[in-house]
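Below is one structure, written out as structure tokens; comments come after it.
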Amino acid sequence: MISYLKGLVAGIQTINPNRVILTLEVNGIGYDLQIPQRLANQLPDSGGVAQIFTHYQIREEVPLLYGFASPAERDLFRHLLSVSGIGAALAIALLDTLELPDLVQAIIAGNTQILIQAPGVGKKIAERICLELKSKLIEWRKSAGFFVATGGPAPGILEEVQMTLFALGYTAHEVSHALHVVSEDIGLPKDAYVEDWIKQAIAHLSSSEQVGY
């Protein structure tokens with residue numbers, strides 16, 4: 001079908017937090033595409049050129065176009081749609097909540113605690129995503145050309161650290177990034193005390209806020 005569209009940004013309309021519509025003008029024709037909010041934040045101003053990778057879907061006899069920043073993001077969207085009970089809205093919510101490598105890592109690791117930070121994703125749905133996609137994504141990430149990070153607390157520590165940081169108001173993306181930095185850059189051992197992981201993560205997050213991360 002349509003692999004991608006390249007044209008001028010004619011307008012971006014936010015219907016609600018989970019529904020953002022990009023109008024892209026291609027050769028004098030305006031295409032409406034539903035896109036993640038994350039992509040909307042990356043697009044040029046009106047009149048700028050953008051290349052959007054697309055997924056075409058017919059729902060209740062109505063044709064719909066979804067747009068993504070990369071082929072890998074579109075492919076992961078399609079993987080998520082293959083999971084029972086996952087529609088486009090939940091798939092986009094997951095893509096908006098976590099960066100692509102972080103989302104893939106969470107699914108492969110069975111990290112339901114971070115998946116349920118996405119609006120509308122409950123524990124049962126998160127568990128189903130991990131169960132149905134883990135083996136597929138282990139293979140897919142190789143062909144997609146990227147590898148997810150392996151750093152972070154040991155599984156028995158991870159959930160408690162994440163829950164504490166979420167309770168303090170940090171987002172899933174902020175928490176995931178902070179734990180990666182603490183593991184890879186600071187070198188905190190996986191089995192370090194929960195309190196040490198939380199202390200180091202908060203220190204990183206606080207310094208990031210000061211520099212406008």
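The values are calculated or read from the model by the stated rules, or taken from the named source; none is laboratory data. Computed from a prediction, not measured in an experiment: that's the story for all the values here. Calculation scope for accessible area: heavy atoms of the full protein, side chains included, ligands and nucleic acids excluded. Shrake-Rupley method; radii C 1.70, N 1.55, O 1.52, S 1.80 Å.
What the table shows:
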item	result
Selection count where residues are open to solvent by 30 Å² or more (accessible area, probe 1.4 Å), among the hydroxyl-bearing types (S, T, Y) and in a strand (DSSP E or B), scope region 37-69	1
Residue within region 14-26 that is open to solvent by less than 20 Å² (accessible area, probe 1.4 Å), at pLDDT below 95 and within 18 Å of the chain's Cα centre (by Cα) present	yes
